[in-house]
Amino acid sequence: MPHRLDAQLEFLAEIDKLKSILRQNLVGDRSRRENSAEHSWHLGVVACCLAEYAQEPVDLLVVVKTVLIHDLVEIDAGDTFSYDPSPKAAKVAREAEAANRLFALLPDDQRREWRALWQAFEDGSTAEGRFARVIDRLQPLILHDLTGGPVWKAHQVKRSQVVARVGVIETCAPALWPWVEALLERATRDGWLVDA
């Protein structure tokens, strides 16, 4: 086989490990925790379904690529709970190191492209990266809504923490913000979130 295909197949075998990374969120029927591969798949579908709500024009293929690859770093770095109080600098360093290792498995052109997409997601430096962040923040809200917020309750998450985390939705997809506000109001009223 050509070296390029060998490298691509090695990468594809490596990223299968994402299926084993468990997240805090429950799947909609509350039967188990969601894994990171399921999260990435769901983000791709959410992006396709809700692309019309992006505040800026976006290339949907780039957004979908971005959401599909953005959590591959969790293979090495693990999943960090969104409301983990520990310093973010360690997480950022672990994930950058993981991105360097994983994307280096790819042929050079794909390595450069995919590493750049991952970075644009991390720093919100492109319209597509910003909208991918919107989708990444919205999808867990959908799951919290479906499940009745047990993960928020278990971790005593504050409404203010959620607002800070999902603020990119208001900025980059403001048409979605009323739904978010309604969910947060209900979640606070029903005791899923701490009102602080």
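Every number here is computed from the coordinates shown, using simple stated rules; none is lab data. Every value quoted in this text rests on a predicted model; they were computed, and no experiment measured them. In this analysis, Cβ positions are derived from the backbone assuming ideal geometry, glycine residues included, and neighbour counts consider all displayed protein chains.
Listing for the model above:
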item: Check on residue 27, at negative phi, surrounded by 19 or more Cβ atoms within 10 Å (Cβ to Cβ) and of a type outside the set (Asp, Glu); result: no
item: Some residue of segment 157-170 being surrounded by fewer than 21 Cβ atoms within 10 Å (Cβ to Cβ) and either on the phi > 0 side of the Ramachandran plot or not in a helix (DSSP H, G or I) (or both); result: yes
item: Sole exception among (1) under 30 Å from residue 191 (Cα atoms); (2) among the β-branched types (Val, Ile, Thr); (3) under 13 Å from the mean Cα position of the chain (by Cα) for residue 73, by number; result: (1)
item: Test: residue 30 is in contact (Cβ under 8 Å) with a residue 24 or more places away in the chain, in contact with a helix residue (DSSP H, G or I) (Cβ under 8 Å, 6 or more places away or on another chain) and more than 23 Å from residue 120 (Cα to Cα); result: yes
item: Residue count for segment 86-128, restricted to those that are assigned to a helix (DSSP H, G or I), of a type outside the set (D, E, K, R) and closer than 24 Å to residue 8 by Cβ; result: 14
item: Candidate set: segment 1-47, residues that are among the basic types (Lys, Arg) and assigned to a strand (DSSP E or B); chosen: the one nearest to residue 81 (Cα to Cα); result: 23
item: Residue within segment 50-62 that is outside any helix (DSSP H, G or I) and buried (at least 19 other Cβ atoms within 10 Å of the Cβ) present; result: yes
